[in-house]
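I have placed the structure first, in the form of structure tokens, so that the comments after it can refer back to it.
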Amino acid sequence: MAIANQDEIEMQDVRLMLGTHAFHFDSRLPAGRIIAVSGPSGAGKSTFLNLLAGFERPDSGRILMHGADVTAAYPAERPVSVVFQDNNLFAHLDIFTNVGLGIDPALKLAAQDRRKISQALEKVGLANFERRMPATLSGGERQRAAFARALVRKRAVLLLDEPFAALDPGLRAGMAELLLGMHMETENTVIMVSHDPDEVRRIADYGVFIDKGAIVLAAPLTEYLAREDMPALRRFLHG
Ligand code: ADP
């Protein structure tokens, strides 16, 4: 059996069946980098993220994060925070409280925690939105609130499923800047599903390509961008 590496996020021979779809992931991804995950629609990108987050459990195989076996761990026990495409804010709680859930699900918040929440909301440009309910925000604003909730969690691994897809280009660039800034500050591992090759080029330093339920390439970005022998990857990068 391979020795667990502190500096890696590993899937060892992970297999999963969902309906008639078979997934097989076997990969070692470097920690502390921005890793873009791309591939055709239906290839298994969200499933890959769900396995890392713990929302899906493998039928067999092991998942290791920074040397710890998290295969059987619940989502909350893993060193991860997640931002989905459709921010999963609680509709009956205001924005401040939604972000607070990132710190403590029981919402026992000390003064210091409350300051952190305000700071995170300020960072994503929602300083005046603390008492607003999610339904009164635009899609982009809700996504920024979900991002603030991930910011306050301060976990080693940040999983993002097309986090900026619903935002207009200006906001999108702003959020990418925010993500980069946070990454440099915390040296966290960012694993981000992206359908946008320009976004991948701009912010990722490692590329993963998933096709038909498996990882067909996981490589440093320069190598990833230069690969000529994978038609699906060429189509994604060059249209
Ligand atoms: P991607 O994110 O790359 O678009 P997904 O990981 O969402 O792909 O899904 C891969 C395939 O698995 C899709 O065809 C999807 O319909 C199927 N799938 C996902 N979840 C389930 C499920 N719970 N039951 C049956 N099929 C599923």
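Where a number appears in this text, it was derived from the coordinates with a stated rule and is not lab data. Worth saying up front: this structure is predicted, and the values here are computed from it rather than measured. Counting neighbours? That spans all protein chains shown, and the Cβs are built from the backbone with ideal geometry, glycine included.
So the values come out like this:
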quantity: FRET efficiency estimate (nearest 0.05) - Cβ-Cβ, residue 173 to residue 114, R0 25 angstrom; calculated: 0.25
quantity: Cα centre as origin, Lys/Arg/Asp/Glu Cβ charges: the stretch 89-154 dipole, Debye; calculated: 160 debye
quantity: Size of charge dipole - the stretch 42-103 - debye, nearest 20, with Cβ of Lys, Arg +1 and Asp, Glu -1, no other charges; calculated: 160 debye
quantity: From phi via Karplus (6.51, -1.76, 1.60), per-residue ³J(HN,Hα) for the stretch 10-20 in Hz, x at Gly/Pro; calculated: 10, 10, 9, 6, 7, 10, 8, 10, 10, x, 9
quantity: Per-residue HN-Hα couplings for the stretch 179-192 [Karplus 6.51, -1.76, 1.60; θ = phi - 60°; Hz; x = Gly/Pro]; calculated: 4, 4, x, 5, 4, 5, 6, 9, 6, 6, 9, 10, 10, 10
quantity: Segment residue 69-residue 21, length gained on full extension (0.36 nm per residue, minus Cα span); calculated: 14.8 nm
quantity: Note, ³J(HN,Hα) from phi for the stretch 67-74, Karplus 6.51, -1.76, 1.60, rounded to Hz, x at Gly and Pro; calculated: x, 9, 7, 10, 3, 9, 7, 5
quantity: Packing-based order for 16-26, 226-236, 116-126, using average beta carbon neighbours within 10 Å, highest first; calculated: 116-126, 16-26, 226-236
quantity: Amide proton proximity set for residue 126, modelled H, under 5 Å, gap of 5+; calculated: none
quantity: Projected-area average for the chain over all orientations - Cα convex hull basis, square nanometres; calculated: 13.5 nm²
quantity: Förster-model FRET efficiency, 30 Å R0, residue 60 and residue 6, C-beta, rounded to 0.05; calculated: 0.80
quantity: Contour excess over end-to-end distance, with Cα ends at residue 198 and residue 136 and 0.36 nm allotted per residue; calculated: 19.2 nm
quantity: Where Cα atoms sit under 30 Å apart: lysine pairs in the chain separated by 8 or more or lying on different chains; calculated: 8
quantity: Positive-end extreme of charge dipole, the chain - chosen from 178, 237, 66 (charges on Cβ); calculated: 178
quantity: Gap separating the Cα centres of the stretch 196-239 and the stretch 100-146, nearest whole Å; calculated: 34 Å
quantity: Extent along principal axes [Cα atoms of the stretch 89-154; Å; largest to smallest]; calculated: 29, 23, 18
quantity: Distribution of pairwise C-alpha distances over the stretch 1-140, 10 Å bins, in %; calculated: 10, 32, 29, 23, 6, 0
quantity: For the stretch 30-178, size of Cβ-based charge dipole, Lys and Arg +1, Asp and Glu -1, in debye; calculated: 400 debye
quantity: Simple label model, 7 Å out from Cα along Cβ direction - residue 76 to residue 92, nm; calculated: 1.8 nm
